Each structure stands twice: as structure tokens, then as C-alpha cells.
2 protein chains.
Amino acid sequence: MRQFIILGHEAPTTPGFSLSDLAGGAGRLDVLCRCVNAGLFVSHGIREDSRVHLVLNDEYTIRFDGSTAKRLYPTERAVASRIKGALESTANAIGHQPAEVSPGVELYRMGFNSTLESVAREGTIIELHEDGKPLVSAEPPADPVFVLSDHLEFTDSETAVLADTAERRLSVGPEILHADQTMTVGHNWLDTEGYQHY
Amino acid sequence: MRQFIILGHEAPTTPGFSLSDLAGGAGRLDVLCRCVNAGLFVSHGIREDSRVHLVLNDEYTIRFDGSTAKRLYPTERAVASRIKGALESTANAIGHQPAEVSPGVELYRMGFNSTLESVAREGTIIELHEDGKPLVSAEPPADPVFVLSDHLEFTDSETAVLADTAERRLSVGPEILHADQTMTVGHNWLDTEGYQHY
């Protein structure tokens, strides 16, 4: 399975934001919506082996699961609407029990550390960093977990946690890309492993 | 220079569409907006050596030029708003003279054939096709021009024109990606040429 954890540092934790102002009043929720798109969708289909975890302001994590998601569309507005719905269900997320928002979408009362700890059991944590080894010359692990930040840098404490947990530090190339673009390149890296030999 | 031509088969040619219904009433304009984002933007910056040409319903072409674009933001809604502005200026596009919409954004009264002919003089036309040679094992040309379709397949006549014009036929990999994801992979292919040797 391929998993992506994206840290939304200014993301909303209440549903009162406007779907028409995602980049402004909603704390750059547009960035996180594009990450869900990049993580789950291909042309006319969904990646069933992929999960996207959006960490909202270190308070909640919304998990989008490609294997069970339904009626999810790859536009920023549609994904934001689903996030709004999730934030209307926070009262149903108790302890580590998630609130089921819609098929394939769950809200957890968990910040970055708890989400990372939970997901780390299922795969190999990869920190994407401009100083890492280039993807093009690295071998993919079996169950990669990519950790990315939104439009802001990782904080010092996030960097410290990642230094302890990440088994690999990789770079997409000489350009610093948006998180969603990085995810698309990551998927393509996994998709094309060995592809030149076909 | 890197250029991208994207065919919007159902795209609007008048400005009356709603910015809140890009995937529905606006003929999947969301797809084209994501292509502008993928073509021009990197993290905290713009690709100055990149141009994106959106062909709207074979009637108009809107050109976004990374070297001169200003106050352009990478959200679907912001790009769609710029397209709406362009479609309010169609009366100013006379013959092959474009209407200047805003810095770096011009509207041409040109369909696919005229746009392709014009751009082909400036680079090597690449058709992206699932049966093409994998990007990962191909050498990039100096001035690539990628031609892509929106959510619909190329029509028979577009396919015929491309067969006559394209010098290369390449594939991003075994998965069929959205047009914007394909552009991101194409940029990364060019970005990382020789990168493993650094």
C-alpha cells in the first residue's frame, strides 16, 4: 500500500469556512485538497492501493482510503466539501475511534505524532526533502509512507520526530515542488519501477 | 522553453459560467485550471521557462506565459477567474492579434490546428500516449511541446493532425494519469535529466 501524510499547519478544525475562499479564509485548504486529488485519482479511476491522511492543525486527521472511497471527485471544491462534512462530525470521533464521514473517509481525533506512529506500523516512512537522495536513483520500498508539509516548512518539532522515524530521505529533484506535485511524482516513481524493461 | 497545449473539448467560450461549478456547468474547466497550475507553478515560485496554451472548444486559445505572468495563484478558482476575464475580452482578439487579458495571459482567436502550427515552430511536438516510449528511458528534446487532451480522448481529426506533426510519442508509465498529473511528471522528467549524477 502507498500512504501519504500531509501536514496542514493552518488548516481549519471547524466547518465554518467558505468553499469559495479555500486559499484565504480556509488556511490554504486548497493545498490539502490538491493532495487528496494527487494521492487517490488517476484518469477515470481511483488508486485502490492508496491512502491520504490530512493532519489538520495537529488536532484532527482525516483519512481518505482509495479502496473504499465513493462519490469522491477530484476538484478542490468537492474535496473541501468532504472535509467540511468531516469537521461537522468531530463529536463522533472519541479516543482513537474515528467518525465515519462517508465511504472511505474517516475523521480521527489524532495529531501528527499519533497518526505517524499508527501509520509507521504499516510501512516505511519516507521524508521528502530537497537534500535527500534523488528518487530517480533510489529503489522503492514495498509499502512507502510519504510525509509532506503543506505550503509551510516542517516545524522544528516535526523535523525532530521525522528524523527519529523516517527510514529514508528522498528528493524529487532539483526543483522544490508543491506537495501535490511531489505526490504525483512519487506515484509515478512507484508506477514506473522496472517499466523501461517492458 | 517548455510548452504545453491542452485541448478543452467542452470548455466554455463565453464568460457566463459559475466559478462554483467548474466541473459541471463549465464543461470540466476544473481540468484545464489544474493544467495551468501544473504547467507554471512550483513551490513558492513560477516556472519562467514554461508556457501553457489552453484550447477552448477549438475556438479560442488562452496562453499563460510563466515569464511574464503576475498575480496568478495556483488554485482552480483563481485560474478559472482569469479564464473568465479572458472570455470577456474576445472582441479584442482580431485575426492572429491576441487580446491582452492581464500580464502573461493572452487570448487568441485560434483553434487547435493554428495553435499547434504556431507553437510547432518553436519546439519539438511530443504526443503523450499510453502506447508511447516510456519517458524514463527517453532523452528529452531541447524545447519540448507536450500536447494533451482534457478528460476526453483526442478526436479522430486531432489524432490525425498529431500523427502528422508529433516528432515523438512518449508515455508517462503504465497508469493513465490526468492531464495535469502528466504535466507534472513531464516537468520532473526534464528537471531531473542527469540529476542522479549530481
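A short reminder: the numbers here are calculations on the coordinates, not readings from a lab. The structure displayed is predicted, hence computed values, not measured ones. Here the Cβ positions follow ideal geometry from the backbone for every residue, glycine too, while neighbour counts run over all protein chains shown.
Observations on the structure shown:
- Sorting the Cα pairs of chain B by distance into bins of 10 Å, from 0 upward, gives 9, 38, 38, 13, 2, 0 percent per bin.
- Between copies, the label points of residue B:143, set 7 Å from Cα on the Cα→Cβ line, lie 5.0 nm apart, reported in increasing order to one decimal in nanometres.
- R0 of 35 Å, Cβ-Cβ distance residue B:133-residue A:10: FRET efficiency to nearest 0.05: 0.25
- In this rough spin-label picture, where each label sits 7 Å from Cα along the Cβ direction, the residue B:91-residue A:57 distance is 4.7 nm.
- FRET efficiency estimate (nearest 0.05) - Cβ-Cβ, residue A:102 to residue B:19, R0 25 angstrom: 0.50
- Reducing the stretch B:82-110 and the stretch B:24-72 to their Cα centroids gives an inter-centroid distance of 14 Å.
- Percent of Cα pairs exceeding the 26 Å cut-off, where the set is the protein assembly as shown: 51
- Those residues of the stretch B:47-66 whose amide nitrogen sits under 19 Å from the label point placed on residue B:167, 7 Å along Cα→Cβ: B:50-51
- Relative to its residue count, the stretch B:44-148 spans a Cα convex hull of 131 Å³ per residue.
- Extent of the stretch B:108-163 along its three principal axes (Cα atoms, max minus min coordinate, largest first): 37, 26, 18 Å.
- Per-copy distances of the residue A:95 label point, shortest first, in nm (7 angstrom along Cα→Cβ): 7.7
- Relative intensity, log₁₀ I(q)/I(0), of the stretch B:1-86 from a Debye sum that treats every alpha carbon as a point, q = 0.16 Å⁻¹: -0.55
- Dividing the Cα radius of gyration of the stretch A:93-198 by 2.2 N^0.38 Å, with N the residue count, gives 1.19.
- Computed helical MRE - 222 nm, chain B, DSSP H runs ≥ 4 contributing -39500 (n - 2.57), nearest 500: -8500 deg cm²/dmol
- With one equal scatterer per alpha carbon and no solvent term, the Debye-computed log10 I(q)/I(0) for the stretch B:8-50 at 0.32 1/Å reads -1.04.
- Inter-chain shielding of B:181-190 (mean C-beta neighbours from other protein chains, 10 Å cut-off): 6
- Label distances, nm, residue B:13 versus same residue in remaining copies, Cβ-directed 7 Å point: 5.2
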